[in-house]
1. Which of the residues that make up the stretch B:268-281 are at the interface with chain A (Cβ under 7 Å from one of its Cβ atoms) and either touching a helix residue (DSSP H, G or I) at 6+ places or on another chain (Cβ under 8 Å) or more than 20 Å from A:Asp49 (Cα to Cα) (or both)?
2. Among the residues that make up the stretch B:282-305, is at least one of them more than 7 Å from chain A (Cβ to nearest Cβ) and in contact (Cβ under 8 Å) with a residue 12 or more places away in the chain?
3. Give A:Val90, A:Val59 a once-over and let me know the one that is in a loop (DSSP other than H, G, I, E, B), surrounded by fewer than 19 Cβ atoms within 10 Å (Cβ to Cβ) and more than 35 Å from the chain's Cα centre (by Cα).
4. Confirm whether A:Leu310 is facing another protein chain (nearest Cβ under 7 Å), under 30 Å from B:Ile5 (Cβ atoms) and not basic (Lys, Arg).
5. Taking only pairs six or more apart or across chains, which ones have beta-carbon atoms under 7 Å, a first residue in the stretch B:46-72 that is closer than 16 Å to A:Leu330 by Cα, and a second residue that is at pLDDT below 90 and not in a loop (DSSP other than H, G, I, E, B)?
6. Need the failing condition index for A:Trp100 against (1) of a type in the set (Phe, Trp, Tyr); (2) more than 16 Å from A:Ala25 (Cβ to Cβ); (3) within 9 Å of chain B (Cβ to nearest Cβ), just the number.
7. Do we find a residue being at the interface with chain B (Cβ under 9 Å from one of its Cβ atoms), of a type in the set (A, V, I, L, M, F, W, C) and part of a loop (DSSP other than H, G, I, E, B) anywhere in the stretch A:209-221?
8. Answer yes or no as to whether A:Val278 is more than 30 Å from B:Leu320 (Cβ to Cβ), in contact with a strand residue (DSSP E or B) (Cβ under 7 Å, 6 or more places away or on another chain) and free of Cβ contacts under 8 Å to residues at least 60 places away in the same chain.
Number of protein chains: 2
Amino acid sequence: MSGLINRGVTLTNRPQGTPQTSDFALVEYPVPEIREGEVLRRTVYLSLDPYMRGRMRDVASYTTPAALGTPMVGGTVSQVIESKNEAFAVGDFVLGYDGWQEYGVSTGGELRKLDPAHAPLSYALGALGMPGLTAYAALLDIGKPKAGETVVVSAAAGAVGSLVGQMARILGCRAVGLAGSDEKCRFVTEELGFDACINYKTQPLDEALQESCPNGIDVYYDNVAGAILEAVLGRINLGARIPLVGLISQYNATTPPAGPNLMPLLVKRALIQGFLVVDHYHREEAFQADMSRWIREGAVKVYEDTVEGLENAPEAFLGLFSGKNVGKLLVQVSPAP
Amino acid sequence: MSGLINRGVTLTNRPQGTPQTSDFALVEYPVPEIREGEVLRRTVYLSLDPYMRGRMRDVASYTTPAALGTPMVGGTVSQVIESKNEAFAVGDFVLGYDGWQEYGVSTGGELRKLDPAHAPLSYALGALGMPGLTAYAALLDIGKPKAGETVVVSAAAGAVGSLVGQMARILGCRAVGLAGSDEKCRFVTEELGFDACINYKTQPLDEALQESCPNGIDVYYDNVAGAILEAVLGRINLGARIPLVGLISQYNATTPPAGPNLMPLLVKRALIQGFLVVDHYHREEAFQADMSRWIREGAVKVYEDTVEGLENAPEAFLGLFSGKNVGKLLVQVSPAP
């Protein structure tokens, strides 16, 4: 075939803050003749997703940055128009990763064939694709919602959030969304069937969460972090689970967010979990056995900081906050045996 | 017996910011005659712990606030001096919760007998008591350290931190502490055997963590939150675990900390976990089966926002950050079948 002219959208420079259309360029370049084993396809659908903002940075993150001057990366649904690979026939539809361009060429190892009879082809980039799996796995495997619980999701009108809330309803949960306009909130409740939706741009968050979540919040599926996460934390129930899936509130920020930046939790798939010892007395027996042995064997040394006299308790206590003591702080109130 | 005069330290007003000795008063009051079933004991050791600061607030937290004008709450080791309860004999040593006072009276249901031959009695308030179980259960059950990993602990010279690092060493991990003075750091490395200790008051945190944790951080046992947590997050490894056990950096704060206040995570024993879909393709099969069925049955509705023409991709992409789209954003690059 050949003779075809490809068109692609390239990143021309790395955006500072919010990207501008001037950070991109539409360029043309020839489609190469395909070689033995290769397959040529024409893009039908290109997926646009928030994670692409991360690729535009020149910072090592969980993936390598997009290169300047080449087409931006992205998921695609394409149709095979020429094939020198037995696995693909002209006319086949495939899910691939051809990026922001009209034609793609490769040996096809990364392609997955799509059956147009199964579902609309575009679903492979959404509800039945990466955003769908994101909604599904993070909600079920980290959020672990149980029937009767309250599930809150931010960016509720978006590709992922819209699925999360609908899944929460299927699982018998109360689904509460957050979105940025009244129109989106109507969409979320009336079309998607969420129980409630908060317009976080116009409603006072604390009050709105209290009203929409009368039984507190058991699962918060977080796509945005920032102020919404802060408000949600004020309403969480005992043992709440918060899958941190996106931090879109800070993707375009040019200064670090206030307080601990939770981005590394996402990038490193890490976990913070609150601990109160009162929940852990079922470990008492193992603890006593292990710790007693370690102390006996000298593997654990015990240091105490003992203050004499009950009247000195207040001053000793204050020392805990000015870093005075080393080891366990005790007051000896009466003579020890 | 009776005729005894009790002495106690009461909270006279709720501290604003850092507590002062003037927030406490030493008071005397008679010890009552004990009734049938009761046991009278004399306090030998009183435990002083950071959690007591929380009890001084008049805010519903995970426990009720300490009452003004009555002795402050606290764990105690005591000796029975009079008993009208068969379960306890004069001379017995018991672990209890008599608070900041010299004598305690109760029916004894909350007491646990201590064997002075097993370990020094004071250990029941430290290494073999609540702080010990806190170190043990949070490190093992949330931190889940594996041999060869790096465990970082803040307040490393304290009652809990000193045990955490020693346990990390027993488990074959690299143990790195943070403490507030060079003297404490020497104690932590030379006496407790940690591999390294950072003086967070004098050393630049980012550089010091990089130097002390050349292989990154797998477990961060957090007793303090705040700036140290922020710095640690910059060095965590894939799949890191962070038991949030204390937030001592903000216990005396009079204004909220910058950014999301993580205190509710502790109070509610909640979990935040970062999620990237790339780790979850083992869920692909279940996801495709469930989501396809939900769509087919109409339980999940799919909404798409489709923009025509590759040349419109940049503007459509920018819309993701200004809240323009609803549902899955796609670019139709060539005609769909």
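1. Matches in the stretch B:268-281: B:Lys268, B:Arg269, B:Ala270, B:Leu271, B:Ile272, B:Gln273, B:Gly274, B:Phe275, B:Leu276, B:Val277, B:His280.
2. yes
3. It is A:Val90.
4. Considered against the rule, which asks whether it is facing another protein chain (nearest Cβ under 7 Å), under 30 Å from B:Ile5 (Cβ atoms) and not basic (Lys, Arg), A:Leu310 comes out as yes.
5. Qualifying pairs under 7 Å: B:Pro50/B:Ile248.
6. Among (1) of a type in the set (Phe, Trp, Tyr); (2) more than 16 Å from A:Ala25 (Cβ to Cβ); (3) within 9 Å of chain B (Cβ to nearest Cβ), the lone unmet condition for A:Trp100 is (2).
7. No.
8. On the way: more than 30 Å from B:Leu320 (Cβ to Cβ): yes; in contact with a strand residue (DSSP E or B) (Cβ under 7 Å, 6 or more places away or on another chain): no; free of Cβ contacts under 8 Å to residues at least 60 places away in the same chain: yes.
No.
The values are calculated or read from the model by the stated rules, or taken from the named source; none is laboratory data. Computed from a prediction, not measured in an experiment: that's the story for all the values here. Virtual Cβ from ideal backbone geometry, glycine too; neighbours counted across all protein chains shown.
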